[in-house]
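In what follows, a single structure is set out as structure tokens and then discussed.
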Amino acid sequence: MMPQEGIFHSPGAFSGVAVLRLTRNAALPQLREVVSSIHEELSTTQGLRLVLGLEPALLPEAPTSPVLLPREGPTARFPSSQAHVLVQVSANERELLLFALRRVLALSKGVLYLEEELLGGRIGEGREPFGFRDGLARPTRDQVRRTALVPSGPLAGASWLLYLRFQQNLDLFSRLKPQAQERVVGRTREGELVVDAPAEAHIHRARASGAGENQLLIRRGFPFRHAGEEGLAFLAAAADPDSYRRSLDALLGTDGQTPDALLRYATAVGGGLYLAPPRGWFHCSALQERRPSHEGIGTGL
Ligand code: HEM
């Protein structure tokens with residue numbers, strides 16, 4: 001099993017995500033050729049980190065799993081804006097990031113069109129838009145291998161990706177006193193645990209599902225600012241999509257759990273579940289499996 005190398009690397013100083021949809025007449029072999037070209041070119045570009053995911057239904061090897069999004073709790077909702085392809089690119093230079101995003105569009109012309117693109121990157125030493133330290137427990141390669149990679153079967157080395165685009169209400173959050181803000185997160189701005197944080201604190205809700213310390217999912221999101229909106233492009237990698245169901249339900253407060261206080265200040269406005277195939281999937285049979293181009297897959301397989 002050869003996972004995509006980008007899975008092992010947390011986003012660099014500059015990050016971007018492109019969400020793409022198939023054009024009406026695109027066929028499966030064309031899609032495979034396009035994503036294989038993107039993978040081949042960008043995964044070998046020095047200094048660039050790439051993770052490429054597809055809508056799970058596009059991979060014949062993928063098991064059918066229960067619908068993850070949309071999901072609803074008593075006070076908040078995680079909507080779905082599921083598309084066909086998700087590309088996450090990261091670099092330590094903005095120039096390289098722009099190059100990568102341009103190449104994604106150029107290589108997918110005629111087969112995929114861009115539905116959403118977010119550019120962002122590290123704030124200070126690694127803070128989310130409310131100013132709190134984020135990404136404290138950087139995952140080791142071993143943790144990524146254990147938590148984020150499908151261990152066996154036809155998809156060995158693949159990774160399930162969750163993407164959620166969060167808008168953060170900086171104005172509303174800033175009206176809270178600093179101490180109240182820290183009780184919402186469950187950590188101080190500098191990342192110390194708040195010992196008497198309430199059960200609704202984000203940290204407690206995230207940990208309630210077993211997701212603490214890179215156990216259930218590997219977070220690989222980044223903060224962005226786009227057209228006056230600030231938020232978190234939440235991205236994660238996991239070996240099993242059920243990890244996301246558990247984590248999201250813990251935050252939403254389903255089945256009588258306490259909803260996450262952070263969701264009063266951060267709203268998910270879109271998202272989807274993708275599957276990042278292992279390296280060997282790209283190209284391997286793109287040509288052998290060529291099918292007649294009238295075989296449209298725009299509505300899924
Ligand atoms: C706008 C949305 C979000 C913001 C601003 C946010 C912010 C934070 C912050 C500041 C921390 C503490 C720093 C750290 O431990 O690295 C944290 C931890 C964490 N968050 Fe979030 N988060 C968001 C969404 C989510 C979502 C959707 C999930 C899960 C699906 C999640 C899961 C976690 C986990 C697992 C931890 C680490 C818990 C631990 O190991 O102690 N977060 N988040």
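The values are calculated or read from the model by the stated rules, or taken from the named source; none is laboratory data. Only a predicted model underlies this, so the values are computations on that prediction, with no experimental measurement involved. Cβ sites come from the backbone with ideal geometry, for glycine too, and all protein chains shown count toward neighbours. These area figures cover heavy atoms from the full protein model, side chains too; ligands, DNA and RNA do not enter into them. Shrake-Rupley method; radii C 1.70, N 1.55, O 1.52, S 1.80 Å.
Within segment 66-85, can one find any residue that is at pLDDT below 95, out of contact with any Asp or Glu (no Cβ under 7 Å at 6 or more places or on another chain) and within 28 Å of ALA268 (Cα to Cα)? Yes, some residue in segment 66-85 is at pLDDT below 95, out of contact with any Asp or Glu (no Cβ under 7 Å at 6 or more places or on another chain) and within 28 Å of ALA268 (Cα to Cα). For segment 215-237, taking the residues that are more than 8 Å from the ligand (Cβ to nearest atom) and hydrophobic (A, V, I, L, M, F, W, C), the one that is nearest to PRO11 (Cα to Cα) is identified as PHE222.
Within segment 99-137, restricting attention to residues that are open to solvent by 50 Å² or more (accessible area, probe 1.4 Å) and among the acidic types (Asp, Glu), which residue is nearest to LEU20 (Cα to Cα)? Filtering segment 99-137 for residues that are open to solvent by 50 Å² or more (accessible area, probe 1.4 Å) and among the acidic types (Asp, Glu), the one nearest to LEU20 (Cα to Cα) comes out as GLU115. Restricting attention to segment 273-295, the residues being over 16 Å from LEU31 (Cβ atoms) and modelled with pLDDT of 95 or more number 3.
Of all residues in segment 183-205, which are among the charged types (D, E, K, R) and either near the ligand (Cβ under 10 Å from one of its atoms) or in contact (Cβ under 8 Å) with a residue 40 or more places away in the chain (or both)?
Here is the first cut: in segment 183-205, the ones among the charged types (D, E, K, R) are 183, 187, 189-190, 192, 196, 200, 205.
Listed by number, the residues that qualify are ARG183, ARG187, ARG189, GLU190, GLU200, ARG205.
Looking only at segment 232-280, residues that are within 16 Å of ARG71 (Cβ to Cβ), among the charged types (D, E, K, R), open to solvent by 10 Å² or more (accessible area, probe 1.4 Å) and assigned to a loop (DSSP other than H, G, I, E, B) come to 1 in all.
Any residue at all in segment 77-91 that is out of contact with any strand residue (DSSP E or B) (no Cβ under 8 Å at 6 or more places or on another chain) and more than 19 Å from TYR244 (Cβ to Cβ)? No, the conditions are met nowhere in segment 77-91.
Yes/no per residue for (1) farther than 19 Å from ALA250 by Cα; (2) in a loop (DSSP other than H, G, I, E, B); (3) open to solvent by 50 Å² or more (accessible area, probe 1.4 Å):
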| position | (1), (2), (3) |
| --- | --- |
| PRO139 | yes, yes, no |
| GLN143 | yes, no, no |
| GLY157 | yes, yes, no |
| LEU161 | no, no, no |
| LEU172 | yes, no, yes |
| ALA197 | no, yes, no |
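Taken across segment 126-136, residues that are touching a helix residue (DSSP H, G or I) at 6+ places or on another chain (Cβ under 9 Å), away from the ligand (no atom under 16 Å from the Cβ) and either farther than 23 Å from ARG245 by Cβ or assigned to a loop (DSSP other than H, G, I, E, B) (or both) do not occur at all. Residues that are in a loop (DSSP other than H, G, I, E, B), in contact with a Ser or Thr (Cβ under 6 Å, 6 or more places away or on another chain) and open to solvent by 40 Å² or more (accessible area, probe 1.4 Å): does segment 67-88 have at least one? Yes: segment 67-88 contains one or more residues that are in a loop (DSSP other than H, G, I, E, B), in contact with a Ser or Thr (Cβ under 6 Å, 6 or more places away or on another chain) and open to solvent by 40 Å² or more (accessible area, probe 1.4 Å).
Between VAL144, VAL111, which is touching a helix residue (DSSP H, G or I) at 6+ places or on another chain (Cβ under 7 Å) and within 16 Å of the ligand (Cβ to nearest atom)?
Details: VAL111 fails: within 16 Å of the ligand (Cβ to nearest atom).
It is VAL144.
Inspect all residues belonging to segment 210-221 and state whether any of them is without any contact (Cβ under 8 Å) to a residue 12 or more places away in the chain and among the aliphatic types (A, V, I, L, M). No - not one qualifying residue is present in segment 210-221. Checked against the criterion of being assigned to a strand (DSSP E or B) and either more than 14 Å from the chain's Cα centre (by Cα) or of a type outside the set (Asp, Glu) (or both), the candidates LEU31, LEU42, LEU50 yield just one match: LEU50.
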